[in-house]
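Here the structure comes first, spelled out in structure tokens, and everything after it is commentary.
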Amino acid sequence: MSEVSDVVGEPLTARVTVDEQGVVTGWSAGAARLLGYTPREILGRPAGTLLAGESAPADLHEAARRSRWHGTLTLRRRDGSRLEARVLAHRRTRDDGGRDWLLVSAPLRPVRPEDDVLMRWGFLQSPSCATSVFDTDLRHRRSNRTAQAALGLSDEELRGLRMTDVVPTPLSREVERRMLQVLETGEPQCVEDHAQAPGESREHAWSVHLYRVEDPDGRVLGVAATGHDMTEQHRARERLQLIAEASARIGSTLDVTRTAQELADVAVPGLADFVSVDLLTSFEQGREDPLTGGPPRLRRVAHRSVLPGAPEAVLAPGGVDAYPEGSPPVESLRSGRSVRARIDRAALPEWVVGDPLRTARIRDHGIHSLMTVPLSARGTTLGVVVFARHRRPDPFQEDDAVLAEELAARAAVCVDNARRYTRERVTSVALQRSLLPQRLPEQSAVEVASRYLPADLRAGVGGDWFDVIPLSGARVALVVGDVVGHGIHASATMGRLRTAVRTLADIDLPPDELLTHLDDLVGLLAAETDALGDPETAGDVGATCLYAVYDPLARRCTLARAGHPLPAVVTPDGEVDLLALPAGPPLGLGGLPFESLEIDLPEGSLLALYTDGLIDSRSRGGDADDGAARLCRALAAPAASLDAVCDTVLADLLPRPSDDVALLVARTRGLDASRVATWDVASDPAAVAEARKRAVDRLEAWGLTDAAFVTELIVSELVTNAIRHGEPPVQLRLIHDRTLICEVSDGGGTAPHMRRARTYDEGGRGLLLVAQLSRRWGTRPGAKGKTIWAEQTVDGPPDGSWL
């Protein structure tokens, strides 16, 4: 900076700039007039040469560390004389980033009489501050123009009146009370409140400062009041508070209706006297239809009013309607922007006149201002929010629209999140329900009850499963499994394993062999998942499983497990124990064998199968052994039904599950020996006729003569095949259960295969005939040989019971 420029009136003010090395870099005309040096003579010289005396004042050195200094300096004029000058020094940063000092010195001027006049008129003409002075009796003496405009009276009309005479409001009474305190104590006071200025329809936010007025001798003359209209600042704070409240309250749950209600609750009465939230019906159906054609149909999801019962509403929550064409809500939906509208009850807009109910609501409640804002999120319009005023006299302003748009935007995102969550949850639950048994199949071997609790209660999906599978010979398979992980991935894997188990069970594999095949499948699934390269699912395919087969004829159960918790058994006399099944590795490790255990289960025994989430006691500071002990105690408790047993177990062991839980309890039944007939058959084709005769006789004893003809054919074909293609011993067994089961066993290991015989083939039609005549048929391997079986649908026992 080479010089300091002068503006109008500046020649009287001396301005000098000095860099950080103390060299003069700028010199104004006022400085030249004050000290007599021209810029050519002084620029570039040390500023210290201008100081008279050998050193500067001590506080000048101290000022070098501050941003501003002021004081009196003795300066040397060009003619050698000395001058006492008041100096104000500023340390500043130049435009180029450098630092320097600006020193300013104004000429001394005496106090003039017109200064008081200037002060008085400056007070009276202040445009931003309403100021009044009162005497010690708290009566008006003088007020400036702003105060006169706010009070609606001239200075002459105000003189002699008290504040409560002019504006009889609670704010005025509080101001006068504080005035008395100011007069007594001399301590300034501040009052903030709302008040409606005379002649205006809306309230203003005022901040009134009170201070005592004294003369130079300290005599109390009165009190002054300066009022600042803080309405805009107050409303800005209110808007910020409303936004903060909306952030905390809107979207507290993933529920569309509750989120919409939270939006309405936040906006009333802070922004509007009535608010309604309507969602497009296409949104409910998961569609995003274009907003063209006729008025879109909307469902009222929530509304709120300052009046009890929201009498302004033309639609109840849950109702569906369409706003008239040309109305602000329709304009907002189609334009994607907020719309503000004034309503004159004397001349209602056209879109209102055509709707008698809306006309009545507007006139009855005096609705004068509307504002509509679309609910839009991620480029999708979800609905519209309508804000109305009838109690607050002021119409909606642009700032109100900005606030409403902010609230609607927050709510729209939450509503869209709730919609997406609901849609995903419905999909997840539908998947889970399709993978788990919808209802347990009817069978006579056991009475069963079950419970399933996913750890992810919000999504409702998990990887645990259970199943009850009817087998041939009136037997039943009980299965419980646990897939590693939670959520959709685990649920999908569970579905594949459950399907595989049912398929393997259908070919009547023993439990240990079934688990071996299932182990191979899990290994293949793990390899497929790893090949996808997804880090979130890689290495996560694994499972445990317990498979049990119960035979009600022999009252015998065969079980095998793959890394699964031990099942519990409750005997008919109430003793509870965990079955000591051979330990098997979890599914997916591969190459390790599984072993089965056979036990006798008397009729009325209780078998409990479960996943490890039931006995995992880590949340209670225990371990699996502690959980198993608690399970045994819960099973030993008396219960009226198997459902009650399940409820008792879950209540005692699971105050809050941390893992998926599947529980399956089964009470064993026995099949009456009178409903089973067994015959040994000689390995002679002539024995076929005798086998048919015995079978028919037994059907007559059971009252099943209607099934005699079909049974004769089935027995004839199966016994003939066993004699011709099997090995002795041959045995025929009939079981009268829910179906009529015909079983033929032989010592051969070769299973028959059904085929379609050609025209000139002599054989090959037997099993095809059996398949056509039976409800279902199959073969199962035995310890020695095989069994071919066929089921027919028959009427129930005469007593109506299958037991």
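Count, please, the residues in the stretch 355-380 that happen to be assigned to a loop (DSSP other than H, G, I, E, B) and touching a strand residue (DSSP E or B) at 6+ places or on another chain (Cβ under 9 Å). Steps first, answer last, please.
Taking the stretch 355-380 as the starting set, the residues that turn out to be assigned to a loop (DSSP other than H, G, I, E, B) are 355, 366-368, 378-379.
The next check asks that each one be touching a strand residue (DSSP E or B) at 6+ places or on another chain (Cβ under 9 Å); those that pass are 367-368.
Here the count works out to 2.
If residue 348 satisfies every condition in (1) in a loop (DSSP other than H, G, I, E, B); (2) within 18 Å of residue 268 (Cα to Cα); (3) among the hydrophobic types (A, V, I, L, M, F, W, C) but one, which is the exception?
With respect to (1) in a loop (DSSP other than H, G, I, E, B); (2) within 18 Å of residue 268 (Cα to Cα); (3) among the hydrophobic types (A, V, I, L, M, F, W, C), residue 348 is out only on (2).
Looking at (1) small (Gly, Ala, Ser); (2) more than 60 Å from the chain's Cα centre (by Cα); (3) surrounded by fewer than 17 Cβ atoms within 10 Å (Cβ to Cβ), which one does residue 691 not meet, given that it meets all the others?
Residue 691 satisfies all of (1) small (Gly, Ala, Ser); (2) more than 60 Å from the chain's Cα centre (by Cα); (3) surrounded by fewer than 17 Cβ atoms within 10 Å (Cβ to Cβ) except (3).
Limited to the stretch 588-614, what total is found for residues that are modelled with pLDDT under 90 and under 42 Å from the mean Cα position of the chain (by Cα)? Before you say what the answer is, go through the steps one by one.
If we filter the stretch 588-614 for residues that are modelled with pLDDT under 90, which is where we start, we get 588-593, 612-614.
Still in the list and also under 42 Å from the mean Cα position of the chain (by Cα): 588-590, 612-614.
So the count comes out to 6.
Checking the structure you have, find out if any residue of the stretch 381-395 is under 20 Å from residue 260 (Cβ atoms), without any contact (Cβ under 8 Å) to a residue 40 or more places away in the chain and either within 23 Å of the chain's Cα centre (by Cα) or outside any helix (DSSP H, G or I) (or both).
No, that holds for no residue.
Give the residue, chosen from 653, 713, 699, 704, that is assigned by TED's automatic domain parsing to the domain that holds residue 475 and of a type outside the set (Val, Ile, Thr).
Going through 653, 713, 699, 704 in turn, the sole match is 653.
Just to be sure I understand, how many residues within the stretch 379-395 are more than 20 Å from residue 309 (Cα to Cα) and at pLDDT 85 or above?
Taking the stretch 379-395 first, the residues more than 20 Å from residue 309 (Cα to Cα) are 379-384, 393-395.
Remaining after also requiring at pLDDT 85 or above: 380-384, 393-395.
Number of matching residues: 8.
For the list (1) assigned to a helix (DSSP H, G or I); (2) over 53 Å from the mean Cα position of the chain (by Cα); (3) of a type outside the set (Phe, Trp, Tyr); (4) surrounded by 17 or more Cβ atoms within 10 Å (Cβ to Cβ), I need the number of the one condition that residue 165 fails.
So residue 165 meets the others, but not (4).
Give the stretch 653-699 a look and list any residue that's part of a helix (DSSP H, G or I), in contact with a Leu (Cβ under 8 Å, 6 or more places away or on another chain) and among the charged types (D, E, K, R), or say none.
Once the filter is applied, which keeps residues that are part of a helix (DSSP H, G or I), in contact with a Leu (Cβ under 8 Å, 6 or more places away or on another chain) and among the charged types (D, E, K, R), the stretch 653-699 yields 694, 698.
With 73, 83 as the choices, which residue is closer than 14 Å to residue 106 by Cβ, surrounded by 17 or more Cβ atoms within 10 Å (Cβ to Cβ), at pLDDT below 90 and in the same structural domain as residue 100 (by TED's automatic domain parsing)?
Numbers: 83 fails: surrounded by 17 or more Cβ atoms within 10 Å (Cβ to Cβ).
Among 73, 83, only 73 is closer than 14 Å to residue 106 by Cβ, surrounded by 17 or more Cβ atoms within 10 Å (Cβ to Cβ), at pLDDT below 90 and in the same structural domain as residue 100 (by TED's automatic domain parsing).
Look at residue 419 and say whether it is of a type in the set (Lys, Arg) and modelled with pLDDT of 90 or more. So that I can check it myself, show each step before the final result.
Details: of a type in the set (Lys, Arg): yes; modelled with pLDDT of 90 or more: no.
In short, no.
Scanning for something modelled with pLDDT of 80 or more, within 30 Å of residue 314 (Cα to Cα) and among the charged types (D, E, K, R), does the stretch 207-215 turn up at least one residue? Break it down into steps so the answer makes sense when it comes.
Let us first name the residues in the stretch 207-215 that are modelled with pLDDT of 80 or more, namely 207-215.
Checking which are within 30 Å of residue 314 (Cα to Cα) leaves us with none.
No, the stretch 207-215 has no match at all.
Output the number of residues of the stretch 485-502 satisfying the condition of being in a helix (DSSP H, G or I) and either among the aliphatic types (A, V, I, L, M) or closer than 11 Å to residue 464 by Cα (or both).
Total satisfying the criteria: 12.
Are there any pairs with C-beta distances below 6 angstrom linking a residue in the stretch 628-647 that is within 17 Å of residue 662 (Cβ to Cβ) and in the same structural domain as residue 567 (by TED's automatic domain parsing) to a residue that is part of a helix (DSSP H, G or I) and not β-branched (Val, Ile, Thr), with the two at least 6 apart or on different chains, and if so which?
Partner pairs satisfying both residue conditions: 634/652.
Kindly provide the set of residues from the stretch 322-345 that are surrounded by 13 or more Cβ atoms within 10 Å (Cβ to Cβ), outside any loop (DSSP other than H, G, I, E, B) and not small (Gly, Ala, Ser), ordered by number.
328, 329, 330, 331, 333, 334, 339, 340
Considering the stretch 76-94 alone, what residues qualify as being over 60 Å from the mean Cα position of the chain (by Cα) and charged (D, E, K, R)? Walk me through it before giving the result.
Step one: filter the stretch 76-94 for residues over 60 Å from the mean Cα position of the chain (by Cα), giving 76-89.
76, 77, 78, 79, 82, 84, 86 - these are the residues of the stretch 76-94 that are over 60 Å from the mean Cα position of the chain (by Cα) and charged (D, E, K, R).
Kindly evaluate residue 225 against the criterion of being of a type outside the set (Val, Ile, Thr) and either in a loop (DSSP other than H, G, I, E, B) or buried (at least 20 other Cβ atoms within 10 Å of the Cβ) (or both). Give the steps one after another, and end with the answer.
Numbers: of a type outside the set (Val, Ile, Thr): yes; either in a loop (DSSP other than H, G, I, E, B) or buried (at least 20 other Cβ atoms within 10 Å of the Cβ) (or both): yes.
Spelling it out, residue 225 is indeed of a type outside the set (Val, Ile, Thr) and either in a loop (DSSP other than H, G, I, E, B) or buried (at least 20 other Cβ atoms within 10 Å of the Cβ) (or both).
Only one of these is closer than 24 Å to residue 421 by Cα and assigned by TED's automatic domain parsing to the domain that holds residue 404: 345, 297. Name it. Before you say what the answer is, go through the steps one by one.
Details: 345 fails: closer than 24 Å to residue 421 by Cα.
One residue alone meets the criteria, 297.
Quick check on the stretch 792-803. Is at least one of its residues assigned to a strand (DSSP E or B) and modelled with pLDDT of 75 or more?
As a first pass, look at the stretch 792-803 and keep what is assigned to a strand (DSSP E or B): 792-793.
With the extra rule that they be modelled with pLDDT of 75 or more, the set shrinks to 792-793.
The answer is yes, given that some residue of the stretch 792-803 is assigned to a strand (DSSP E or B) and modelled with pLDDT of 75 or more.
So, residue 263, is that one farther than 18 Å from residue 406 by Cα, outside the structural domain of residue 184 (by TED's automatic domain parsing) and touching a residue at least 24 places away in the same chain (Cβ under 8 Å) or not? First the steps, then the outcome.
Details: farther than 18 Å from residue 406 by Cα: no; outside the structural domain of residue 184 (by TED's automatic domain parsing): yes; touching a residue at least 24 places away in the same chain (Cβ under 8 Å): yes.
Judged against the criteria, residue 263 is not a match.
Does residue 308 satisfy the condition of being surrounded by fewer than 17 Cβ atoms within 10 Å (Cβ to Cβ) and in the same structural domain as residue 414 (by TED's automatic domain parsing)?
Working: surrounded by fewer than 17 Cβ atoms within 10 Å (Cβ to Cβ): yes; in the same structural domain as residue 414 (by TED's automatic domain parsing): yes.
Considered against the rule, which asks whether it is surrounded by fewer than 17 Cβ atoms within 10 Å (Cβ to Cβ) and in the same structural domain as residue 414 (by TED's automatic domain parsing), residue 308 comes out as yes.
If a residue has to be touching a residue at least 40 places away in the same chain (Cβ under 8 Å), of a type outside the set (S, T, N, Q) and within 25 Å of residue 786 (Cβ to Cβ) to count, how many in the stretch 700-722 make the cut?
7
Name the residue that is farthest from residue 483 (Cα to Cα), counting only residues in the stretch 400-450 that are of a type in the set (Ser, Thr, Tyr) and crowded, with 18+ Cβ neighbours inside 10 Å. Talk me through it step by step, then tell me what you get.
Going residue by residue through the stretch 400-450, those that are of a type in the set (Ser, Thr, Tyr) are 421-422, 427-428, 434, 444, 450.
Narrowing the set further to residues that are crowded, with 18+ Cβ neighbours inside 10 Å leaves 428, 444, 450.
Numbers: 428: 16, 444: 30, 450: 18 Å.
Selected residue: 444.
Here's a check for you: in the stretch 480-503, which residue that is in contact with a Phe, Trp or Tyr (Cβ under 6 Å, 6 or more places away or on another chain) and either buried (at least 24 other Cβ atoms within 10 Å of the Cβ) or small (Gly, Ala, Ser) (or both) is nearest to residue 791 (Cα to Cα)?
Taking the stretch 480-503 first, the residues in contact with a Phe, Trp or Tyr (Cβ under 6 Å, 6 or more places away or on another chain) are 480-481, 494, 498.
Pick out the ones that are also either buried (at least 24 other Cβ atoms within 10 Å of the Cβ) or small (Gly, Ala, Ser) (or both) and you get 480-481, 494.
Details: 480: 27, 481: 29, 494: 30 Å.
The extreme case among them is 480.
Scan the stretch 308-322 residue by residue and report those that are more than 10 Å from residue 278 (Cα to Cα) and without any contact (Cβ under 8 Å) to a residue 24 or more places away in the chain.
Listed by number, the residues that qualify are 308, 309, 316.
When you go through (1) surrounded by 21 or more Cβ atoms within 10 Å (Cβ to Cβ); (2) out of contact with any helix residue (DSSP H, G or I) (no Cβ under 6 Å at 6 or more places or on another chain) one by one for residue 397, which number turns out not to apply?
Failed condition: (1).
The values are calculated or read from the model by the stated rules, or taken from the named source; none is laboratory data. Just so it is clear, the model here is predicted, and its values are computed rather than measured. For neighbour counting, all protein chains shown are included, and Cβ atoms are generated from backbone atoms with ideal geometry for every residue, glycine included.
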